[in-house]
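Accompanying notes for the structure given below.
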Amino acid sequence: MLSFLKVDRVVTALGLIGLGVLVMLANLDRLDLLQALRIFWPALLILWGALELVVSFARRTS
């Protein structure tokens, strides 16, 4: 990865973009956001933990 890009900033930016896409789809009635969260909340916790591990390892190596 480029030296001026911090891993945590990239992850935060991608998370905000993803959240924006989900809200947009919910507003367009293409996605029932609450139903999706009820189904996928365990996967979101696993993803969050995996991203925290990536950030932790990236900080150790730099």
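The values are calculated or read from the model by the stated rules, or taken from the named source; none is laboratory data. Fair warning: this is a prediction, and the values are worked out from it, not measured in the lab. Cβ sites come from the backbone with ideal geometry, for glycine too, and all protein chains shown count toward neighbours.
Here are some notes:
- The set of residues from the range 19-46 being of a type in the set (Gly, Ala, Ser) and modelled with pLDDT of 90 or more comprises Gly20, Ala26, Ala43.
- Scanning the range 11-34 for residues that are without any contact (Cβ under 8 Å) to a residue 12 or more places away in the chain, in a helix (DSSP H, G or I) and among the hydrophobic types (A, V, I, L, M, F, W, C) turns up Ala13, Leu14, Leu16, Ile17, Leu19, Val21, Val23, Met24, Leu25, Ala26, Leu33, Leu34.
- Pairs, first of a type outside the set (Asp, Glu) in the range 40-62, second assigned to a helix (DSSP H, G or I), C-beta under 6 Å, six or more apart: Leu51/Val11; Val55/Val7; Val55/Asp8; Ala58/Val7
- Failed item, numbered, when Phe4 is tested on (1) surrounded by 10 or more Cβ atoms within 10 Å (Cβ to Cβ); (2) at pLDDT below 85: (1)
- Applying the criterion of being hydrophobic (A, V, I, L, M, F, W, C) and under 11 Å from the mean Cα position of the chain (by Cα) to the residues of the range 7-18, the residue that is modelled with the highest pLDDT is Ile17.
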